[in-house]
Amino acid sequence: MLDKTIARTVLAPTDGSFKLTNHNPSWEGTKELEFLSGKMLKKRAKTYLRESRADLIDAQKRLYADNRFSLLIIFQAMDAAGKDGTIKHVMSGVNPQGCQVFSFKKPSEREIDHNFLWRHWQALPERGRIGIFNRSYYEDVLVVQVHPLLIQRISVPDGDGAEGFWAARYEDINAFERHMTRNGTRIVKFFLNVSKEEQRKRFIGRLTEPNKLWKFSISDFEERKHWDEYQRVYNDVITNTSTEWAPWHVIPADNKWLMRALVMTVLVETLADMNLQFPNVPAADKKQFRAVLKSLQAEAG
């Protein structure tokens, strides 16, 4: 069983001191884990996922029954980091009626005519439910910074990509997330931190395995050419938007199974911290229910 305290070491600081270079994508947690073989680590992580799934399922039931809160899970990463696989393996088993995944693609013309948070606002989970953003509004401060010409599509005041422009967007995101948390939406943000070498290997795997070829896109390879710039921008984004109410979790992503186990740990701990409760049934209702039960039992006779 993985030590749940490991999850705390992937929590990004909220005081502006974050450094992405301090987070090793191949990190395997404790010294105990470092001496395990890859095969043994995978076995332990898979066992942990299986055992923790019951906790996640129970927490989802409580979230729905409690009906005071919702949970928003955000995944950001470079291509081939494992967002889809993590969502699949961690969330398998939860009730699909109470969980919805949104994958945000290139914004439409209608969406561009609104503010950059508009389309995401409409996809927020309602009370009692879990919402997952596979990429999110953070794309508007990540991709657009790396490709500043994209700003020309946005007709907003001071949309020139200057330093003050991005600082204002960080401020908007922090205020948006603060508003959500004040209204009962708990936000968990994951950056799946994959290394450039591991991404290369996964791209090769997609290009050489026929059943994975569909996953590859030329645009993925083109974005890889901007690797260093993306690392710089991710560092800046996490530094400026890791807050006490919505901190980032930087998850080492070179080992897929460890990554999934760490994500599961954070989610289970987050839901446990929300102190979700099944509603108390009023005494008058209980009396009525006992009468109904007695009547139903009598029908059998």
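The values are calculated or read from the model by the stated rules, or taken from the named source; none is laboratory data. Predicted, not measured: the structure shown is a model, and the values here were computed from it. All Cβ positions, glycine included, derive from the backbone under ideal geometry; neighbour counts span all protein chains shown.
Descriptive notes on the structure:
- Top-ranked residue in segment 138-157 [being surrounded by fewer than 21 Cβ atoms within 10 Å (Cβ to Cβ) and assigned to a loop (DSSP other than H, G, I, E, B); ranked as modelled with the highest pLDDT]: H147
- Pairs with Cβ under 7 Å, 6+ apart, first in segment 87-100 and surrounded by 12 or more Cβ atoms within 10 Å (Cβ to Cβ), second small (G, A, S) and not in a helix (DSSP H, G or I): G98/G128; Q100/G131
- Selection over segment 257-301 of residues that are among the aromatic types (F, W, Y) and within 17 Å of L63 (Cβ to Cβ) gives a count of 1.
- Unmet criterion (only one of (1) modelled with pLDDT of 95 or more; (2) surrounded by 15 or more Cβ atoms within 10 Å (Cβ to Cβ); (3) of a type in the set (A, V, I, L, M, F, W, C)) for A175: (2)
- Each residue in segment 180-195 was checked for being assigned to a helix (DSSP H, G or I) and either surrounded by 12 or more Cβ atoms within 10 Å (Cβ to Cβ) or modelled with pLDDT under 95 (or both), and 2 pass.
- When R200 is tested against the conditions (1) closer than 19 Å to V237 by Cα; (2) surrounded by fewer than 16 Cβ atoms within 10 Å (Cβ to Cβ), the lone failure is (1).
- Failed criterion for E198 (all others in (1) of a type in the set (D, E, K, R); (2) at pLDDT below 95; (3) under 28 Å from S52 (Cα atoms) hold): (2)
- Positions within segment 274-293 being in a helix (DSSP H, G or I) and either within 26 Å of A81 (Cβ to Cβ) or among the aromatic types (F, W, Y) (or both), in sequence order: F289
- Boolean, A81 is within 30 Å of D254 (Cα to Cα), at pLDDT 90 or above and assigned to a loop (DSSP other than H, G, I, E, B): yes
This table checks each residue for (1) farther than 23 Å from G93 by Cα; (2) modelled with pLDDT of 75 or more; (3) among the aliphatic types (A, V, I, L, M).
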| residue | (1), (2), (3) |
| --- | --- |
| L11 | yes, yes, yes |
| S26 | yes, yes, no |
| K31 | yes, no, no |
| F35 | yes, no, no |
